[in-house]
1. Find the Rg to Rh ratio for the stretch 468-543, where Rh is the Kirkwood radius over alpha-carbon pairs and Rg uses the same atoms.
2. Output the 0 to 90 degree angle, nearest 10, between the alpha-carbon long axis of helix 263-274 and the longest principal axis computed from the alpha carbons of the chain.
3. Exposure proxy check: 153, 128, 109, 320 ranked by fewest other beta carbons within 10 Å?
4. Return the distance in nm (one decimal) between the two label points of a simple spin-label model at residue 521 and residue 194, each offset 7 Å from Cα along Cα→Cβ.
5. Where in the stretch 417-434 is the amide nitrogen less than 15 Å from a point lying 7 Å along the Cα-to-Cβ axis of residue 443?
6. How much FRET efficiency would the formula 1/(1 + (r/R0)^6) give for residue 325 and residue 21, where r is the Cβ-Cβ distance and R0 is 30 Å, rounded to 0.05?
7. Report the gain in length on full extension from residue 390 to residue 212: 0.36 nm times residue separation, minus Cα-Cα distance, nm rounded to one decimal.
8. Which percent, nearest 5, of DSSP beta bridges in the chain are antiparallel?
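Readers should treat all values here as calculations from the given coordinates under stated rules, not as data from a laboratory. Predicted model, so just to flag it, every value in this text is computed and none were measured. Glycine also receives a Cβ, built like all others from the backbone with ideal geometry; neighbour counts cover every protein chain displayed.
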Ligand code: GLC
């Protein structure tokens with residue numbers, strides 16, 4: 001392909017959108033129990049997070065991320081570790097108080113760091129007063145805030161639907177003689193989003209936090225918001241591409257129980273509330289195929305999510321064909337004005353240093369932070385944290401779905417407690433003696449420094465932050481190559497995902513040489529494209 005005409009194409013002019021601070025942003029996910037413990041009880045807290053803000057933004061030792069996203073910090077009986085909320089407008093006592101929260105918002109904003117919360121709109125805890133009321137009797141005014149159904153004529157569950165973590169979505173309530181629905185654990189009854197009172201209550205929750213200065217929400221499991229009103233049985237699964245953990249193993253296609261067309265009414269409602277407050281962002285979480293995910297972004301109409309997690313990279317093996325397809329599908333399917341949102345690790349999945357191997361961590365960081373889109377980092381990935389081996393994890397596990405391994409405490413230094421706590425950490429530290437922030441901070445070749453350099457390059461380069469993306473194939477069997485372009489700036493990104501050196505054929509690129517903008521190696525200065533050989537795992541961004 002010739003790129004000769006590209007710079008002149010109006011198509012490639014990218015207009016900055018000052019109100020859309022999230023374009024090209026790096027968002028840092030904190031799992032609050034595991035980030036920093038200020039009071040020594042072994043569990044992270046808000047004061048701990050406030051003490052560690054230097055790591056994120058506002059100092060020359062910072063990663064330089066644009067936003068901090070906190071997994072849930074609301075009161076919760078912890079059946080799903082915070083994703084089962086018993087009060088939407090308070091802070092769990094182990095994390096602090098509303099005053100601590102206000103102080104954290106202020107401290108973040110003073111550093112130009114945005115703060116996002118987790119909104120869990122689809123289910124509450126069984127201990128939430130709404131559900132306590134709802135299950136108290138069939139004629140309680142809150143009954144219809146949840147989804148209840150009578151047994152089938154044989155006494156069985158009202159439908160064959162399976163919950164995300166296994167078993168039926170239906171739980172029998174002895175006292176009132178009906179089943180209630182839960183898409184996840186039985187301790188997380190689903191709210192009835194067909195009830196306008198529920199929609200209004202959740203709008204008030206959002207307003208409560210927006211008024212406290214929150215810059216947006218990551219919206220949990222939205223694809224489960226609406227279920228078929230007739231409770232029709234799900235058919236056996238025949239699709240090659242199912243939602244992991246939902247239906248797949250049991251061979252069921254969640255056709256009637258997930259991702260229903262009217263989920264878009266729910267999203268539009270949430271968006272309308274967010275739009276009451278300027279500059280706020282909603283990032284949707286939906287484990288649905290990419291073709292359907294992009295519809296959660298409003299198909300370019302601007303009335304649904306601003307961003308939605310694209311988990312294709314997270315689910316991809318470290319193989320050229322798969323990664324290429326994940327990237328190209330994402331580029332091809334997202335509306336032109338909407339950025340993909342990539343994450344390669346989070347609190348629900350094995351960390352990528354474990355999945356792909358620690359030796360891939362540098363190339364993975366390069367990929368995450370040079371692709372077009374919003375990059376969501378999961379705390380600890382910047383130092384290459386790996387999953388805890390099973391032998392050091394608690395038995396029985398805290399999380400029944402087996403996610404303790406990726407939720408272990410942040411490793412700040414090599415001291416006992418890892419700089420995370422002075423007490424007993426709630427989950428064990430994995431390898432803080434050999435992998436920690438303090439050591440890597442002092443080492444310019446560390447992974448931590450690479451993350452800092454990559455994020456800085458994104459901020460300084462309009463092409464990386466918000467430029468278009470165009471791939472070049474056949475550069476070398478194991479090399480991913482893409483041109484990022486905004487206005488007059490062209491940045492060619494190359495990453496060798498293989499374990500051996502790669503001789504690149506860049507004859508299709510209309511340039512002879514480029515200046516290194518950022519690299520995973522110590523390569524610098526001017527590089528000739530005619531004879532470029534990338535080392536194993538090497539990534540280079542060249543300004544053409
Ligand atoms: C989301 C969360 C996960 C939680 C589930 C139910 O997928 O990321 O941790 O268990 O929703 O709320």
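1. Working: Rg = 11.3 Å, Rh = 12.2 Å.
Result: Rg/Rh = 0.92.
2. 70 degrees
3. On the way: 153 6, 128 26, 109 13, 320 17.
Least crowded to most crowded, the residues run 153, 109, 320, 128.
4. 6.1 nm
5. The answer is 431-434.
6. Numbers: r = 30 Å, r/R0 = 1.02.
Computed FRET efficiency for residue 325 and residue 21 comes out at 0.50.
7. Details: separation 178, 0.36 × 178 = 64.08 nm, distance 4.03 nm.
In short, 60.0 nm is gained.
8. On the way: 37 of 63 bridges.
Looking only at bridges with both residues in the chain, the antiparallel portion is about 60 percent.
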